[in-house]
Each structure stands twice: as structure tokens, then as C-alpha cells.
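In what follows, a single structure is set out as C-alpha cells and then discussed.
The values are calculated or read from the model by the stated rules, or taken from the named source; none is laboratory data. This structure is a prediction, so every number in the text was calculated from the model and none was measured. Cβ atoms come from the backbone with ideal geometry, glycine included; neighbour counts cover every protein chain shown.
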């Protein structure tokens with residue numbers, strides 16, 4: 001198991017990996033300080049952090065200062081019927097993510113090209129572009 005996601009309450013879930021826990025969604029227990037990003041926002045954030053890691057590695061290897069790096073992400077969401085046979089079923093999906101990378105360093109064309117290539121090499125971005133497959137299964141636990 002790599003990540004364990006658990007229901008907490010309301011629309012709040014926690015995900016634990018390597019003893020670290022992230023909380024998403026909004027609970028109905030009144031503990032607003034435990035509410036987190038919605039899962040789609042966390043998805044976008046993970047892409048930004050992945051891009052950042054690849055850029056940081058490139059900058060480190062090329063002596064480019066990157067300590068003040070920022071990556072601003074925005075997403076385009078499209079909604080509509082899932083298909084023409086069931087117009088009442090609505091589809092909502094992220095169709096585009098824009099990542100604006102900010103580095104306060106003087107960069108040569110070679111370095112700019114290298115930074116952009118590093119950003120495009122992000123593991124998560126490559127996984128999505130490759131047409132990721134998600135397979136779900138249901139395990140019914142016996143109740144006592």
C-alpha cells in the first residue's frame with residue numbers, strides 16, 4: 001500500500017503516506033481548522049509541486065538560484081452532459097492546467113529552455129498525458 005485514504009466525516013477525507021497525513025474537503029463536525037483543499041485542488045497542487053521538484057533539480061545542477069521559486073496554477077473546468085443518452089448525468093472535469101513559473105534569476109536562453117523541459121518532464125504530467133488508467137475494485141468487509 002502506498003497511500004491510505006480514510007473517510008472522516010461530511011466530505012472530509014484524510015490520506016496518509018509515510019506517516020504524513022493530508023486532509024481534504026469539508027467536515028460536518030464544526031472543526032473548520034481541519035478542513036482542507038478539495039481533492040481537485042490537491043490534484044492541481046501535486047502537479048505544481050512535481051513541476052517544482054524537477055525545476056529545482058535542474059536549477060541545482062546548473063547553479064541557478066531557485067529558493068524564491070513560485071508556481072501559480074489555475075485550471076479550466078468543463079461541465080456538461082456525460083453523454084447524449086443520459087443528459088441528466090453531468091460531467092465535470094479539469095481540461096487544462098496552466099502553470100506560471102516565477103524565478104527571480106537572470107536566465108540565458110539555454111537555462112530557460114532547460115527549465116521548461118524540466119517542467120514538462122514532471123512525472124505526474126507525463127502520467128496524465130500518457131492516458132492514465134484507474135482501476136477500482138470493491139472489497140466488502142464482514143461486519144461483526
Checking residue 135 against (1) assigned to a loop (DSSP other than H, G, I, E, B); (2) modelled with pLDDT under 90, the condition it does not meet: (2)
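Kindly check whether there is at least one residue in region 58-66 that is part of a helix (DSSP H, G or I), out of contact with any strand residue (DSSP E or B) (no Cβ under 6 Å at 6 or more places or on another chain), in contact (Cβ under 8 Å) with a residue 12 or more places away in the chain and not assigned by TED's automatic domain parsing to the domain that holds residue 16. Quick ask: steps written out before the conclusion?
Pass one, region 58-66, residues part of a helix (DSSP H, G or I): 58-61.
Next cut, out of contact with any strand residue (DSSP E or B) (no Cβ under 6 Å at 6 or more places or on another chain) only: 58-61.
Filter again for in contact (Cβ under 8 Å) with a residue 12 or more places away in the chain, leaving 58-59.
Remaining after also requiring not assigned by TED's automatic domain parsing to the domain that holds residue 16: 58-59.
Among the residues of region 58-66, at least one is part of a helix (DSSP H, G or I), out of contact with any strand residue (DSSP E or B) (no Cβ under 6 Å at 6 or more places or on another chain), in contact (Cβ under 8 Å) with a residue 12 or more places away in the chain and not assigned by TED's automatic domain parsing to the domain that holds residue 16, which makes the answer yes.
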Given the condition farther than 24 Å from residue 94 by Cβ, at pLDDT below 95 and over 19 Å from the mean Cα position of the chain (by Cα), answer yes or no: does some residue in region 56-66 qualify? no
Restricting attention to region 89-132, which residues are at pLDDT below 95, farther than 17 Å from residue 58 by Cβ and within 15 Å of the chain's Cα centre (by Cα)? 93, 94, 95, 96, 127, 128, 129, 132
Say we look at region 77-122 and pick out the residues that are in contact (Cβ under 8 Å) with a residue 60 or more places away in the chain and under 13 Å from residue 64 (Cβ atoms); which of these is surrounded by the most Cβ atoms within 10 Å (Cβ to Cβ)? 115
One residue from 79, 16, 86 being at pLDDT below 95 and within 23 Å of residue 125 (Cα to Cα): 79
